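*Asks:* One structure, pasted below without further comment.
Read-outs throughout are calculated quantities, based only on the coordinates presented, and are distinct from any laboratory measurement. Fair warning: this is a prediction, and the values are worked out from it, not measured in the lab. A quick note on method: Cβ atoms are made from the backbone with ideal geometry, for glycine too, and the neighbour counts reach across all protein chains shown.
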Amino acid sequence: MSHLPPPMFRVLAMALSAVCATATGCTVANSGHGGYDPDTLRIVLSQEPPTLEPCESSLTSTGIVTRSNITEPLAERDSTTGELLPLLATRWEQTSPTEWTFTLRDGVTFSNGAPFSSKDAAFSIDRAVNSDLNCNVDGYVFGDEVLKLRTPDARTVVVGTAEPDPILPLRISFVEMVPVTTSTTEKVREPIGTGPYAIEKWDYGQKLTLARNPTYWGPAPAFAKAEYKWRSEGSVRAAMLTNDEVDIAVGLGPEDGAGALGVPFQNNETTALRITGTEAPLNDMRVRQAINYSVNRTGIVKALFRGLGEPAAQLIPDGVVGYNPDLQLWPHDPDKARQLVDEARADGVPVDRQIRLIGRNSQFPGVTETVEVIQSELADAGLNVKIEMMDTAAQLQYQLQPFPANAGPFIALIQHGNQAGDAAFSVDQYMRTDGAQSAFGTTDFDKQIEAAGKLTGEERQKAYAQIFADEPHKVLQFAYIAHMRGILGKSARVDYTPNPATGDEMLLAAMTPASSDRTDQS
Amino acid sequence: MFSFVRRRMYTSALPLIIVLLGVFLLARLTGDPTNLYLPESATPDQRAEFAAANGFNDPLITQLIDYFKGIVHLDFGTSLRTGESAADMALRAFPATLQLAITTMLLAIVGAVVIGCWAAYRPNSLADRFSSLLSMTAASIPDFWFAITGVWLFAVLLGWLPTSGTDGGMLSWILPIATLMIRPLGVLTQVVRGAMVSALSAPYVRLARSKGAGDVRVVTHHALRNAAAPALTVAGDLAVGLINGAVVVEAIFGWPGIGKLMIDAILQRDFAVLQAAVLLTAVSIFLLNIFIDACYALLDARVREPARV
C-alpha cells in the first residue's frame with residue numbers, strides 16, 4: 001500500500017502552501033498598520049486622478065491635486081470674493097483693445113531648479129490653448145479661440161485675441177504654468193511646476209505622495225508631505241476619517257457617517273431641471289410654468305439634502321459675477337400647476353404625451369430620491385413622466401448638443417458648477433440657442449447675452465443679473481432646484497476652512513496643523 | 001495527461017474569441033466616449049477632431065480588424081483616461097486580484113471541507129443544522145452589505161482592522177477576503193456536505209468500516225476522495241466568479257485589482273483598457289479551467305482516458 005496521501009490532500013496541501021506563499025509575499029501590502037507621520041497630510045479622494053497633466057486641471061479629479069499645489073497659474077481667483085489675485089504674475093493690464101500684458105513675478109523657479117520666465121508662460125498658454133493636445137482647459141475656457149503670444153522681455157508676456165476680451169485675465173487664470181521642456185506632442189502624467197509641492201512618488205492604483213518643493217518662491221507650506229489615497233465609497237472615506245487613517249476626506253454625503261468631522265461648505269454647484277422646450281407638450285409655456293410650480297424646492301432641500309443647500313432661483317450662486325440677489329423663489333403651488341396643465345390640455349396641447357425625466361446615477365447624494373420626488377410632483381400636476389437614470393456617458397448624450405435623434409420630450413436633471421466666477425461661463429453654455437448645454441432659446445435673448453458678454457465692471461454685473469431675471473419670462477428653460485453644499489471630512493489634527501473652490505482645487509498650503517494636534521503616534 | 005490538456009486548449013479557443021468579439025461590440029454599443037473626455041463646453045469641431053483622432057468615426061469592421069491586428073502584435077492600445085499602455089495597466093492590476101482570489105478560494109475550500117465533513121458525519125444532528133444555517137446565511141448575504149458592515153464593526157467601532165487599502169499589512173487582507181469568501185464558503189459547504197453524505201453511505205465505505213478502518217481514515221481516505229470531484233467542479237465555477245467578480249470588494253476596499261479597473265474602464269468608455277483587462281481575465285480563466293480539469297483528471301481516471309467501447 002502506498003504511503004502517499006490521497007490526491008485530494010495533495011491538492012489541499014498545495015493550496016495551503018500557496019496561501020502561505022501568497023500571504024507572505026503580498027506585493028500589494030507594503031507597510032504596517034497604525035501610526036502616522038505628523039508632518040504628512042493624509043487625504044482620501046473619491047477617485048484616483050487619471051493624470052496630473054496641468055492642461056487637464058479643469059477636470060475635478062486632476063485639478064484637485066494639481067492646481068496651485070504642483071503647478072500654478074499667472075493669477076488666481078479668490079473663490080469667496082471673486083477677485084482675481086496675483087500669483088505668478090504680479091500685475092496685468094489691457095494694453096490695446098485686443099491685447100493684455102502680464103508682468104511676471106521675479107525669483108520663481110520650477111521644482112527642477114529651472115527659472116520661470118516669460119518664455120515658459122507663453123509656452124504654457126500656447127501649449128494649453130493653441131496646440132493639438134485637446135486640453136480640457138482649452139475646451140472649457142477658450143473654445144475654438146486662438147491666442148497670439150509675445151514675450152518682449154523675460155518678465156513680460158503679451159496675450160492677444162481676435163476680438164476684445166474683457167475677461168481674458170480670468171480665462172488665463174485657468175492655465176497652469178509648465179517649463180518649456182514639457183512635451184507639446186503628448187500630455188504628461190507627472191508634471192514639473194512652480195507650486196509649493198512636487199510629486200515624490202505615484203504608486204499607480206494605490207497612492208500618490210507629494211513632497212514640499214524646496215525651491216518654492218513663497219512661504220513653505222506647513223506639512224512636509226501630502227499623501228493621497230482614493231476610495232469610491234463615501235461611507236468608506238468617512239470611516240477612514242473617523243478611524244484616523246486620513247486627515248481630509250472629500251466628497252462626503254450627509255449619510256456617510258462622518259458626524260462632527262464633516263464640515264459643510266458651499267460648493268458652487270446648482271441643480272436644476274433643464275426642459276427641452278422644442279417638443280410638445282414642453283414647448284408650451286404653461287406646461288413649463290406648471291413644472292416650476294410643481295417642484296417643492298424647499299422640501300427637497302430640507303428632506304432629501306438634509307439642509308445641505310439653498311433653494312435656488314437662478315443658475316449661479318452668490319459670489320459669481322452676475323448673481324441677482326433680488327430674484328425670488330418660484331412658489332410651490334400644486335393647484336396652480338394642475339390648473340395650467342388643464343388649460344394647456346383644453347387648448348389641445350398633448351399633455352398626456354410621455355416626458356422622459358433623465359437623471360445621472362451618483363451625480364450628487366440623494367439624486368435618485370430627488371428624481372422620484374420630482375416625477376411624483378409632475379404626475380400630480382397631470383403630466384405623464386417616466387424616470388430614466390443613466391450613467392455619466394449615457395446621460396451626457398442628453399445634456400450636450402446635439403441630442404440623440406428622436407429623443408422626444410425630455411427633462412434633464414443637471415448640476416452646473418461655475419468654477420470661473422463669471423456668469424458668462426454659465427449663460428453662454430446653458431442659455432444661448434447654440435449653447436452646448438442649452439436645449440433651446442430665442443434670437444432676442446441670444447442678443448441680450450451677447451451684449452452682456454462685452455461689458456465690464458458694474459455694467460457687466462447688472463446685465464447678467466438682468467438676464468437671470470428675464471429668462472423665466474422670455475424663455476423658461478429651467479426649473480432651478482438648489483444651490484448645493486458639499487461636506488468635507490476634516491480631522492481635528494488639521495486647521496482648514498473649505499471654500500467654494502475646495503471641490504475643484506484644494507490648496508494644501510492653506511492647511512496647517514491644529515494647535516491641539518497630537519504628537520507622533522507612530 | 002498532455003493530450004488531455006491539449007484537447008482542452010483547442011476546445012477553449014473558440015469561446016475565448018467569442019468573448020473578445022462580444023466585449024468589443026458591446027463596448028461600442030454603449031456610445032462614443034468623446035463627451036466624457038472633452039469638457040462640456042467643447043466645440044463641435046473639437047469633438048469631431050477628438051473622435052477622428054481616436055478612430056471612433058471609423059466603420060466598426062475597421063476598428064475590429066485594427067483591434068485583432070493589435071492583439072497579434074501584442075499592442076492593446078492606449079488608455080484614453082490616463083494615456084498609459086492598456087496592457088501595462090491590466091498587467092499591473094491583475095496580480096492584486098489574483099492574490100485575493102487564490103487566497104480566498106483556498107481558504108473557502110479548506111473551510112468548506114472541514115465544516116461539510118463535520119456536518120455530513122452526523123447528518124440531521126444539531127451540528128449539521130447549525131452548519132446548514134451558517135452556510136445558507138453565508139450564501140445569501142449581499143457582499144456589499146457585509147463589506148460595509150465589516151468596516152463599520154471591525155474598523156470604526158472596534159478599531160481592530162484598517163478600513164481599507166493595502167497599507168495595513170496582513171490585517172488589510174482580512175476584511176476583503178472575508179467579504180469575498182463568504183459566498184463560496186456557503187455554497188461549497190453545502191456541496192461538500194451533500195457529496196459526503198452520499199459517499200459515507202456508499203457500499204465501499206461500509207466495506208472499509210467492516211474491515212476495521214477508523215472514522216478519520218474512512219472520511220479522509222475513502223469518502224472525501226470520492227466526494228471531492230463534485231466539490232472541485234463547483235469550486236472551479238466559484239473561482240472563475242471570484243476573478244471576474246471582485247469588483248465590489250475592490251471598489252469598497254480600494255484594492256487595486258482588475259475588477260476595479262474594468263468597472264472604471266466601462267464607466268469611462270475606456271475601450272482599450274476594458275479589452276485588455278477582459279482578454280487577460282479570459283485567458284486566466286481559460287488556464288484556470290485547464291488546471292481544474294487536470295485536478296479532476298488526477299482524482300478520477302475515467303476523465304483522463306477516452307471512453308473504451
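*Asks:* Considering only C-alpha atoms, what is the centroid distance from region A:239-278 to region B:172-207, in Å?
*Replies:* When both Cα centres are located, 44 Å separates them.
*Asks:* Same structure again: Please tell me the relative contact order of chain B in percent, rounded to the nearest whole number, where contacts are Cα pairs under 8 Å and at least six residues apart. Don't skip to the end; give the middle numbers.
*Replies:* On the way: 334 pairs, mean separation 82.7, N = 309.
Relative CO of chain B lands at 27 percent.
*Asks:* Now a separate question. Picking from A:Ala337, A:Leu308, A:Gly277, whose Cα lies most toward the positive end of the charge dipole for the protein assembly as shown (charges on Cβ: Lys, Arg +1; Asp, Glu -1)?
*Replies:* Positive-end residue among those listed: A:Leu308.
*Asks:* Select from B:Leu242, B:Leu157, B:Leu180 the residue whose mean-square fluctuation is largest in a Gaussian network model of chain B (Cα-Cα springs shorter than 10 Å).
*Replies:* B:Leu157
*Asks:* When a/c is below 1.5 the answer is rounded, else prolate if a/b is larger than b/c, else oblate, so apply that to chain A with a ≥ b ≥ c taken from the square roots of the Cα gyration tensor eigenvalues. Write down the numbers at each step before the final one.
*Replies:* Details: a/c = 1.95, a/b = 1.19, b/c = 1.64.
Oblate shape, in that a/c is at least 1.5 and b/c is the bigger or equal ratio.
*Asks:* Given 0.36 nm per residue, what is the gain on full extension from A:Gln401 to A:Thr80 after removing their alpha carbon distance, in nm? Before the final figure, lay out the partial values.
*Replies:* On the way: separation 321, 0.36 × 321 = 115.56 nm, distance 3.19 nm.
Once the chain is fully extended between A:Gln401 and A:Thr80, it gains 112.4 nm.
*Asks:* Using a Förster distance of 45 angstrom, determine the FRET efficiency expected from the C-beta separation of B:Met136 and A:Thr298, and round it to 0.05.
*Replies:* Step by step, r from the Cβ atoms, then E = 0.40.
*Asks:* Considering the zone a paramagnetic label at A:Thr185 would reach in this model (a point 7 Å from Cα along the Cα-to-Cβ line), which residues of region B:69-90 have amide N under 16 Å from it?
*Replies:* none
*Asks:* What distance in nm separates the simple spin-label points at B:Leu74 and B:Leu267, each placed 7 Å from Cα in the Cβ direction?
*Replies:* So the two model labels end up 3.2 nm from each other.
*Asks:* Given +1 on the Cβ of Lys and Arg, -1 on the Cβ of Asp and Glu, and no further charges, what dipole in debye does the protein assembly as shown carry about its Cα centre, rounded to the nearest 20? Write down the numbers at each step before the final one.
*Replies:* On the way: 66 positive and 86 negative charges, 899 e Å.
My answer is approximately 4320 debye.
*Asks:* What is the gain in length, in nm to one decimal, between B:Leu91 and B:Asp45 on full extension, counting 0.36 nm per residue of separation less the C-alpha to C-alpha distance?
*Replies:* Working it through step by step, the gained length comes to 13.0 nm.
*Asks:* Greater than 30 Å separation of Cα atoms is the criterion. Which listed pairs, A:Lys386/A:Lys462; A:Lys225/A:Lys302; B:Lys69/B:Lys260, meet it?
*Replies:* Details: A:Lys386/A:Lys462 39 Å; A:Lys225/A:Lys302 39 Å; B:Lys69/B:Lys260 27 Å.
Beyond 30 Å between Cα atoms: A:Lys386/A:Lys462; A:Lys225/A:Lys302.
*Asks:* Report, in debye and to the nearest 20, how large the dipole of region A:411-520 comes out about its Cα centre when Lys and Arg carry +1 and Asp and Glu carry -1 on their Cβ.
*Replies:* Values: 10 positive and 15 negative charges, 55 e Å.
Charge dipole, region A:411-520, about its Cα centre: 260 debye, nearest 20.
*Asks:* How large is the charge dipole for region A:352-437, taken about the Cα centre, if only the Cβ atoms of Lys, Arg (+1) and Asp, Glu (-1) carry charge, to the nearest 20 debye?
*Replies:* 200 debye
*Asks:* Using the charge dipole of the protein assembly as shown (Lys, Arg: +1 at Cβ; Asp, Glu: -1 at Cβ; taken about the Cα centre), state which of A:Thr98, A:Met506, A:Gly253 has its Cα farthest towards the positive end.
*Replies:* Value: A:Gly253.
*Asks:* Rounded to the nearest 500 deg cm²/dmol, what is the calculated helix-only ellipticity per residue at 222 nm for the protein assembly as shown, with -39500 (n - 2.57) per DSSP H run of length n ≥ 4? Walk me through the intermediate numbers first.
*Replies:* On the way: 26 runs with 351 residues, N = 831.
When only DSSP H runs of four or more count, the value is -13500 deg cm²/dmol.
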